[in-house]
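One structure is given here, and the rest of the page talks about it.
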Amino acid sequence: MKILLILLSGILVNNFVMSKFYGTCPFLGVSKKVSTAAGMGIAVTFVMGVASLVTYLVQKYILEPLNITYLQTIAFILVIAVLVQLVEMVINKVSPSLYKALGVYLPLITTNCAVLGVTILNMTEGYNLIESVVNGVGSALGFMLAIVLFAGVRERLESSKIPKCFQGFPSTLIAAGLMAIAFLGFQGLI
Amino acid sequence: MINIGDILLPAGVLGSMGVVFGAGLAYASKKLAVPVDERIEKVRNCLPGAGCGACGFTGCDSYAAAVVNDGAPTNCCSVGGDGVAKQIAEIMGVEAQATTKMVATVICRGDSDHCKTKYEYDGLMECRAMFLASGGDKSCKFACLGLGSCAKVCDFGAITVENRLVKVDAEKCHGCGKCIEVCPKFVLRLEPYHAPSVIRCRAVEKGKAVREACTAGCIGCGKCAKLCKFEAITIENNLPVVDRTKCVGCLECVKGCPTGAMSGDLNNRKHAVIKEDLCIGCTLCTRQCRFDAITGALKEKHTVDASKCVGCGLCAAKCPKKAIELVK
């Protein structure tokens, strides 16, 4: 039951982009097309899931026994950077076109605060291994949901008549804000 | 006391984590290596590597790949400029991209019928000689003297003199710039061969002064800048300046110019035509049109009002079914 709760909380209630405002950079940067946004979402999901797993192990079996938990941030960043590199290689091998579309935002997952955020939250919330991974995957699915929905909104915005002063980023930011309000509606779910 | 172990331990832990991860990545990169055209690497090394995306691609890497794989132009990197474009062209074994064809254009319409004279000249029939006599006999000090010094130096016979005003045949002009060097009045300028509209006056004076000297001059009223729906025209020093990157060639400025100083080929103006069999009634084009020239409800065939259409081509570019054609 708790697992389900964590998953649902990550996807809807405590959506990383929409209620915690983590990972806004790729959210605005790669949300021009639904297909690219979905690719980004999958990459982030993989990184966040595996990062949750590995950072949990690093924390429990390396940092805590040696009493050097203050190295948490730098050790976690190391793990995330390695995973992103791996994802980059895999995507380049499997789908060069997606690799091309994601461009600079792919290596930038490393500095995506959503990824570091979820791994550190796992520790402060005191989740066990399974809960950590579920929370990581859930949060990432929430990110993917938000970015894919938002890409759909932006595709529509592209071809609609917008007053000149709102064209481009202003309208995008307003749309993001409205979407965040919509996600606020999930607040009472849990 | 500092315990040396407190420093070495975390350093050792992080270091060994780094080594393990590094080894893993090295193995993975061997396993997952993608064969890359070595020219991509070479082109990539020429580029600044800032990944700014000014070229229109997502970063230096993707631009380098696009140059090699898809034959993208070699001169897109505005950060690296000409130097980089040259290097890339060398690697790709192509000639550095030719720029758009430029032709000498007369920036004056003040022939004898339009521009008054201030005195009677009786000397060597040579622009530069006449220029010495108080800047020539034309009332406007920016006017073409129309004695044909430029025509004499032109190797291609592209310049003729008509009614005290030179004329350039754009078909014959090679854009060598010899005529520009010789003109004492600087009325010749290189403009793109396909430039839809060109301001043909360089009198920077206020409208009244221009009007007193010449009836064909630009009075700097700014009507063209107001008419331009693409913000391509700005008024600087009482003269319009056309931003060629923004101009779409709708010729609204030419049509609206009260003096005719903004010149362009209005007779061959294009207009959009919708192929009825291809139109699906998506209304994308009606929303694109800034001149309200396209009418039609959703799911019905759209029609173009030829009297309103200016042939800017915005609709044709957006039409998902390629149902819009620009015709003369």
From B:Val34, B:Val13, grab the single residue that is surrounded by 13 or more Cβ atoms within 10 Å (Cβ to Cβ), within 11 Å of chain A (Cβ to nearest Cβ) and of a type outside the set (Gly, Ala, Ser).
B:Val13
Looking for something assigned to a helix (DSSP H, G or I), under 25 Å from B:Asp6 (Cβ atoms) and modelled with pLDDT of 85 or more - is there at least one such residue anywhere in the range A:80-97?
no
Matching residues in the range B:98-129 (farther than 26 Å from B:Lys208 by Cα and either acidic (Asp, Glu) or crowded, with 22+ Cβ neighbours inside 10 Å (or both)) number 4
Give the residues of the range A:71-117 that are over 30 Å from B:Val67 (Cα atoms) and at the interface with another protein chain (Cβ under 8 Å from one of its Cβ atoms), sorted by residue number.
A:Leu71, A:Ile74, A:Ala75, A:Leu78, A:Val79
Are any of the residues in the range A:111-131 under 15 Å from the mean Cα position of the chain (by Cα), assigned to a helix (DSSP H, G or I) and either more than 26 Å from A:Thr55 (Cβ to Cβ) or at pLDDT below 80 (or both)?
yes
Since B:Lys318 meets every condition but one in (1) within 14 Å of chain A (Cβ to nearest Cβ); (2) farther than 27 Å from B:Gly207 by Cβ; (3) open to solvent by less than 40 Å² (accessible area, probe 1.4 Å), which condition does it not meet?
(3)
Restricted to the range B:13-53, and to residues that are among the acidic types (Asp, Glu) and assigned to a helix (DSSP H, G or I), which residue is farthest from the chain's Cα centre (by Cα)?
B:Glu38
Please indicate, with yes or no, whether at least one residue in the range A:86-103 is under 24 Å from A:Gln59 (Cα atoms) and either within 14 Å of the chain's Cα centre (by Cα) or free of Cβ contacts under 8 Å to residues at least 12 places away in the same chain (or both).
yes
Return yes or no: is A:Tyr56 within 10 Å of chain B (Cβ to nearest Cβ), within 21 Å of A:Gly126 (Cα to Cα) and part of a helix (DSSP H, G or I)?
no
Going residue by residue through the range A:43-66, is there one that turns out to be of a type in the set (D, E, K, R), closer than 16 Å to A:Gly136 by Cβ and open to solvent by 40 Å² or more (accessible area, probe 1.4 Å)?
yes
Restricted to the range A:94-147 and to residues being more than 30 Å from B:Cys55 (Cβ to Cβ) and of a type in the set (Ser, Thr, Tyr), the residue most open to solvent (accessible area, probe 1.4 Å) is A:Thr124
For the range B:293-322, how many residues are of a type outside the set (Val, Ile, Thr) and farther than 16 Å from B:Lys270 by Cα?
12
Of A:Thr36, A:Thr73, which residue is crowded, with 16+ Cβ neighbours inside 10 Å and either of a type in the set (A, V, I, L, M) or within 24 Å of A:Pro107 (Cα to Cα) (or both)?
A:Thr36
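The values are calculated or read from the model by the stated rules, or taken from the named source; none is laboratory data. Fair warning: this is a prediction, and the values are worked out from it, not measured in the lab. We place every Cβ from the backbone using ideal geometry, glycine too, and count neighbours over all the protein chains shown. The protein model used for the area step is the full one, side chains on, heavy atoms only, and it has no ligands, DNA or RNA in it. Shrake-Rupley method; radii C 1.70, N 1.55, O 1.52, S 1.80 Å.
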